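Participant: The structure that follows is given in the form of structure tokens.
The values are calculated or read from the model by the stated rules, or taken from the named source; none is laboratory data. Please read all numbers here as calculations on a predicted model, not as lab measurements. All Cβ positions, even for glycine, are placed from backbone atoms using ideal geometry, and neighbour counts span all protein chains on display.
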Amino acid sequence: MAETEKKKRQKPGRVLANTLYLLGMAWKISPRFFFGYIFDALVLSAWSILDAWYFKRVFDLLDMGAPVSEILWMLLAVALTTTLLLLSNTVYWWTENEKQKLVIKCGLQLKLFDHALSLDIGKYEIPEFYNDFIWAVRTADVKVCEILKVVRNLIRRVSSGAAVFGILVSLDLFTAAFILVLTASGAVCSTYINKKCYAYDMESRRSERVASYVSRVHYLADYAKELRISEAGKVLEKLYDESTEERRGLIRKYFGKVQTCGAFWNVIGAVKDNGLILILLYKMMVEKTVLLGGFALGVTSSWRVSSALQEIITAATELAKHSLYIEKLRTFFDTKTSIEGGTKMPERFESLECKNISFAYENGVEVLHDVSLKITAGEKIAIVGYNGAGKTTLIKLLMRFYDVTGGEILLNGINIKEYDLDAYRKVIGAVFQDYKIFAATVAENVACGLCSDDAREGVTAALDAASFTDKLQKLPDGLDTHLTREFSDKGTNLSGGESQKIAIARALYKRAPVTVMDEPSSALDPVAEYELNRHIENALTDQTVIFISHRLSTTRGAARIYMFEHGRIIEDGSHDALIAQNGKYAAMFNLQASKYRT
Amino acid sequence: MTMKKQNKEKKKQKPKVVLKNLLFALQIIHRAAPGFLLVSGVCNLLNGFRSALTNVLILRYVVNAVQTGEDFATIAGVVLLCFAVHLGLNLLLNYFSPWNHPTVYTRENRQKIRVYLDKMLQEKARALDLAAYEDPAEFDNYFKAREDSLDHIMSVYWSFVQLSFRASDLTTSAAVIFSIDPWLSLFVLLPVISSVLFKKSNDLNYEGDLEKKKCRRARDYALRTFYLTDFVKEMRMGNFPELMKWRFEEEVEAQKRIIRRYAPKVATLEFFGCFLQEIVLNFGAIAYTVWQALGTGRILYGDCLVVINSIAGVSWSIISLTETMTSLLKESLYISNIRDFLAAKIEIQNAPDAKAVRRGDLEFRHVSFTYRGAEKPTIQNLSFIVHDGEKIALVGQNGAGKTTIAKLMLRLYDVTDGEILYGGVNIKELSLEEYRNAFAVVFQDFKNFSTSVAENVLLRPLRDGEESAVRAALDKAGFTDKLNALPNGLDTRLTREFDDKGENLSGGESQKLSIARIYAKEASIAILDEPTSALDPIAEYHMYENMMDACRDRSVVFISHRLSSAVLADRVILLENGSVAESGTHHELIERGGKYAAMFAMQAEKYREGEVRADG
């Protein structure tokens, strides 16, 4: 995510530590990749050193009047060595590197995968954590390669640059110093230029966002109607013009400085190129301390020194930028779940009880206060209330996606924290309000995992109970039909109602001791809703079920109804008792029913 | 040498079309930023000359002069002269067309081009028929046209710059090399062979990438299942994680197999390509020159230096020229998207002699309508009248055509058959803008814009002295409590699109805001399409009451599948398959005991049972 890349200066030590951390990780995933990468960088570096050396040698030999055969033999030897270097580079690059890159990327992703699963849901709901987490995961594969590339280029350029500089020093100290000083001042200029360009990018970011927002709105179908029947276009134009104006000011401010510095940089460049020729010419003709080869090397290879210097600067800024990323990655791996399982295994289900529980999210706002309720084997209860009353939170607590902040939840009289986490979660089957269909086969979707041959019968039965059979028979590959088009365009996309049936079939297949139905018919039109509810009722006749809904028509059949308001149970009892009590439940029911009374 | 080349689009385009597209791009640049092309072109011709001067001409002169025994002072004088030219050109180019960093001149012109292009595209998008948005294929094209349009235009600009640079740089260097020894040009042509090999390897790579795409897609999906909040609960309840991991690893293996299949071929092609270019060309040309220099003496040492130093560069320049050409071909495709978009025909426009709008009844007369590409008509021979000031409820199941009717009313589409009359005149004959202005609408999928609350209510810039009217409209919509809680009241910016302090409204709040649009606009007809889907029952009830009160002298058309709202309307029209199935007041229709009555009974069933039991 872009905004996470905001400039936060990191200390060089930290950058180094982070880079080493990532390299260490790459090393652990594939040492082979690591060696290969460094080997390749050294091959390339050797190549360019050889290039510079023979260049000088050819002209020295010419200058000394060596016989033509000696020069040609030398050229042949260099050509053969270069061919070997080229061969090892191409072979490595197109076979080993391609494969190992994949191994590194995917290895890192799998690590992230495992760690993400070990985290509790609460972590996903802390926006700062989640944003960083998403960023860390989504870009992991690209980032790890980018970082390794920086390191590789650094090794390559710096080693060859240093070697060429060494040759220059041995040739003539003054020339080498001249190159170094001018190259360094050029680097100072380009660092300043980069800094200003970066500052411009940062400061113009908001206005860029405005402009791209205005453009985007124009091609989003969602806004098309509004734009045609109102003058909203003028509002957008105003926004756009303001953003253009803002950017114009920024361009003057930043690029004015950039071009002034650019002028210095250009002067330095011209001085360096021509000055070098003059100095070497003087050394060659007047002082006679330099041969033609030295002259040729000096005037043509000084760029290798500057590119080494440039690479160090680039690498430093790049690594500082990537270091922020690694920081997030480390934070992510260092974050541990706060929900730990116990060792007890659940026995036959007797009851599930909330005893004076309260709960606050990370931000400290308490959303459930002193809630007590109990469900025993075979019972059906309902939890009702308006949106935001705390119904869904309660369910998440029952599934131990979070731990209560006060009170306790008991399974068969024992605190649920004492049970093994996975085993405990198997006690509860749920149809979530926001269920998800996975890009997998129908059978796998119902079985919630790989579906063995023995399991198919159960899956078919569950689908039948969820009244999916008609649709199942129409599917091209029956239970093995692929759902969603994530993988292939031949996948089947189910309608909302059909998907909901799959979600219900999951709960029916699991036959967990307790089933939770969270707004199972929310998105359907009245006719479909009515039918679906009937099916659910039939399929769950002897089960222990918790219904959750804000549509009171759905829940009236429950043995006991708990009415929630602002995180508290304000009324409870059977439908009839609650109506007789004539409190808030009765008022809510009557309000919902009033429109239908004629 | 190991550079990955961009995969090329593989579509044949006629040269004439390509030329037209490129000219179109240049024309846009020229119109948006007059003089920019000329300045950049001239600058880069000079730039190319500068490059040849420092890399080839001066070095050749110096070394040759040394060899032929010229004295130091003369040579140094020439070098100083060259320095002066070099410095002058550097400073000139620094302000107008630098290679290494942006300047005020280039950035300002780029901005001009961008604004020109954006405005042109936006204007066109606003005028486009709504139907264009609903045809996926067509819309996809428009989307493509807009996406990165600036980058594509600028890429033509950069190619232009590059060509002018090469025009002087390459010709100078090539001419020098040719003048040294014409046989050397044979070496320069070697890259032509290697570029054939590279193209082959490129194609293979592209093919491999296509095969890998499927794996990558599956892998990305598996990844998403564990980091997206949507999946987080399911991933902790069943055995989905194993399933997904298994799939992930399978795809990794599949991808490795693909790599193994392609790698040997690609590596071989790349090796021989590089071998020709880096070894045969370089060492061949050098050996030849050295041999000539020592053997015949016809070639001087300075010439050798030029050959060794530049021959690879010249051949590289030739390859990069062909790459520029291919990239222009690719850009041409994108630009033709932009051209198509700008040339798209617009059906719904003002009639040539548009009539003024006069308030009156709105009548559908035997209207039929079929969506583009649909087989069956959505609306069939539909006739009804909304009398001035009447409140109509359009009800029916999903897919009965309710929302389509609203769109036809607003002339977002034209009817396929029949006619719609307003105040007795066919709406096609009325001034489009004025006609649409007669309506105030709350769409089912209403949207908030990233601008102030006030402008979101008015859907136009706020004028002085309008604050109180906006406040009153928001009050009627039940938004006052929220308004008072907003940091900057009516000026509060909505959404966080680009303002981190922007206000994100909840579903119910934004629905109230969109309802306020009706109150704020003095329109003679209000259309409300499922206006209460995000409101709770109490808010829904108040909304309908207020609406009836506020729109006493206007026509109102409610669209809903929740029949409870129909009770309040003057007349209910039940739609089925795009025509009127029943019509009358709520009570009439209930008494008639038809489809409406049945639907109503079904929705009311559970509630009614409750009533009986509670009473009994």
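Participant: So the check is Cβ under 9 Å with 6+ separation or different chains; which pairs have a first residue in the range A:79-90 that's within 9 Å of another protein chain (Cβ to nearest Cβ) and a second one that's part of a helix (DSSP H, G or I) and among the charged types (D, E, K, R)?
Facilitator: A:Thr82/A:Asp51; A:Thr82/B:Glu278; A:Thr83/B:Glu278; A:Leu86/B:Glu278; A:Asn89/A:Asp40; A:Thr90/B:Glu270
Participant: While we're here: Is one or more of the residues making up the range A:143-153 farther than 24 Å from A:Ser30 by Cα, touching a residue at least 24 places away in the same chain (Cβ under 8 Å) and surrounded by fewer than 16 Cβ atoms within 10 Å (Cβ to Cβ)?
Facilitator: No; the residues of the range A:143-153 include none that is farther than 24 Å from A:Ser30 by Cα, touching a residue at least 24 places away in the same chain (Cβ under 8 Å) and surrounded by fewer than 16 Cβ atoms within 10 Å (Cβ to Cβ).
Yes/no per residue for (1) assigned to a helix (DSSP H, G or I); (2) hydroxyl-bearing (Ser, Thr, Tyr):
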site: B:Glu323; (1), (2): yes, no
site: B:Thr326; (1), (2): yes, yes
site: B:Ile335; (1), (2): yes, no
site: B:Gln349; (1), (2): no, no
site: B:Gly360; (1), (2): no, no
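Participant: So, one more: Could you check the range A:97-111 and list, in sequence order, the residues that are within 8 Å of chain B (Cβ to nearest Cβ), within 17 Å of the chain's Cα centre (by Cα) and surrounded by 19 or more Cβ atoms within 10 Å (Cβ to Cβ)?
Facilitator: A:Cys106, A:Gln109
Participant: Which of the residues that make up the range A:506-535 are outside any loop (DSSP other than H, G, I, E, B) and at pLDDT 75 or above?
Facilitator: Matches in the range A:506-535: A:Arg506, A:Ala507, A:Leu508, A:Tyr509, A:Lys510, A:Val514, A:Thr515, A:Val516, A:Met517, A:Asp518.
Participant: Taking B:Thr289, is it in contact with a helix residue (DSSP H, G or I) (Cβ under 7 Å, 6 or more places away or on another chain), over 30 Å from A:Cys451 (Cα atoms) and more than 7 Å from chain A (Cβ to nearest Cβ)?
Facilitator: yes
Participant: Could you check B:Gly313 against (1) in a helix (DSSP H, G or I); (2) surrounded by fewer than 18 Cβ atoms within 10 Å (Cβ to Cβ); (3) out of contact with any Ser or Thr (no Cβ under 9 Å at 6 or more places or on another chain); (4) within 14 Å of chain A (Cβ to nearest Cβ) and say which number it fails?
Facilitator: Checking B:Gly313 against (1) in a helix (DSSP H, G or I); (2) surrounded by fewer than 18 Cβ atoms within 10 Å (Cβ to Cβ); (3) out of contact with any Ser or Thr (no Cβ under 9 Å at 6 or more places or on another chain); (4) within 14 Å of chain A (Cβ to nearest Cβ), the one that fails is (3).
Participant: Please find, within the range B:95-153, the residue that is nearest to A:Gly269 (Cα to Cα) out of those that are more than 7 Å from every other protein chain (Cβ to nearest Cβ) and of a type in the set (Ser, Thr, Tyr).
Facilitator: If we take residues in the range B:95-153 being more than 7 Å from every other protein chain (Cβ to nearest Cβ) and of a type in the set (Ser, Thr, Tyr), then B:Ser97 is nearest to A:Gly269 (Cα to Cα).
Participant: Could you please give the count of residues in the range A:572-589 that are buried (at least 18 other Cβ atoms within 10 Å of the Cβ) and away from chain B (no Cβ under 12 Å)?
Facilitator: 1
Participant: So if I check each of A:Leu80, A:Leu117, which one is in a helix (DSSP H, G or I), at pLDDT below 90 and either touching a His at 6+ places or on another chain (Cβ under 8 Å) or farther than 20 Å from A:Arg152 by Cα (or both)?
Facilitator: Values: A:Leu80 fails: at pLDDT below 90.
Result of the check over A:Leu80, A:Leu117: A:Leu117.
Participant: Can I ask one more? Is it the case that some residue within the range B:469-492 is closer than 23 Å to A:Gly233 by Cβ, polar (S, T, N, Q) and away from every other protein chain (no Cβ under 14 Å)?
Facilitator: Yes, some residue in the range B:469-492 is closer than 23 Å to A:Gly233 by Cβ, polar (S, T, N, Q) and away from every other protein chain (no Cβ under 14 Å).
Participant: Of all the helices (runs of 4 or more DSSP H) wholly in the range B:55-137, which have at least 1 residues that are at pLDDT 90 or above?
Facilitator: Once the helices (runs of 4 or more DSSP H) in the range B:55-137 are filtered for at least 1 residues that are at pLDDT 90 or above, what remains is B:58-67, B:72-96, B:104-127.
Participant: Of all helices (runs of 4 or more DSSP H) completely enclosed by the range B:456-555, which ones contain at least 2 residues that are of a type outside the set (Lys, Arg), modelled with pLDDT under 90 and on the phi < 0 side of the Ramachandran plot?
Facilitator: So the answer is B:480-485, B:507-520, B:537-550.
Participant: Among (1) in contact with a Cys (Cβ under 9 Å, 6 or more places away or on another chain); (2) over 17 Å from B:Ala312 (Cβ atoms), there is one condition B:Ser194 misses while meeting the rest; what is its number?
Facilitator: With respect to (1) in contact with a Cys (Cβ under 9 Å, 6 or more places away or on another chain); (2) over 17 Å from B:Ala312 (Cβ atoms), B:Ser194 is out only on (2).
Participant: Also: Anything in the range B:311-350 that is of a type in the set (A, V, I, L, M) and without any contact (Cβ under 8 Å) to a residue 60 or more places away in the chain? List them, or say none.
Facilitator: B:Ala312, B:Met325, B:Ala343
Participant: Additional query: So which residues in the range A:113-126 are at the interface with another protein chain (Cβ under 8 Å from one of its Cβ atoms) and buried (at least 19 other Cβ atoms within 10 Å of the Cβ), if there are any at all?
Facilitator: Residues satisfying the conditions are A:Phe113, A:Ala116, A:Tyr124.
Participant: Cβ-Cβ under 7 Å, sequence separation 6+ or interchain: first residue in the range B:352-371 and outside the structural domain of B:Leu130 (by TED's automatic domain parsing), partner at pLDDT 95 or above and in a loop (DSSP other than H, G, I, E, B). Which pairs?
Facilitator: Matching pairs, first to second residue: none at all.
Participant: Taking the criterion of being touching a residue at least 60 places away in the same chain (Cβ under 8 Å), more than 27 Å from B:Arg463 (Cβ to Cβ) and at the interface with chain B (Cβ under 8 Å from one of its Cβ atoms), would at least one residue in the range A:167-177 satisfy it? Even if it seems obvious, please write down each step before you answer.
Facilitator: First, the residues of the range A:167-177 that are touching a residue at least 60 places away in the same chain (Cβ under 8 Å): A:167-168, A:171-172, A:174-175.
From what's left, more than 27 Å from B:Arg463 (Cβ to Cβ): A:167-168, A:171-172, A:174-175.
Now narrow it down to the ones that are at the interface with chain B (Cβ under 8 Å from one of its Cβ atoms): none.
No, the range A:167-177 has no match at all.
Participant: Select the strands (runs of 3 or more DSSP E) contained entirely in the range A:366-460, then report the ones holding at least 2 residues which are crowded, with 16+ Cβ neighbours inside 10 Å and of a type in the set (Val, Ile, Thr).
Facilitator: Here the list reads A:366-376, A:380-384, A:428-431.
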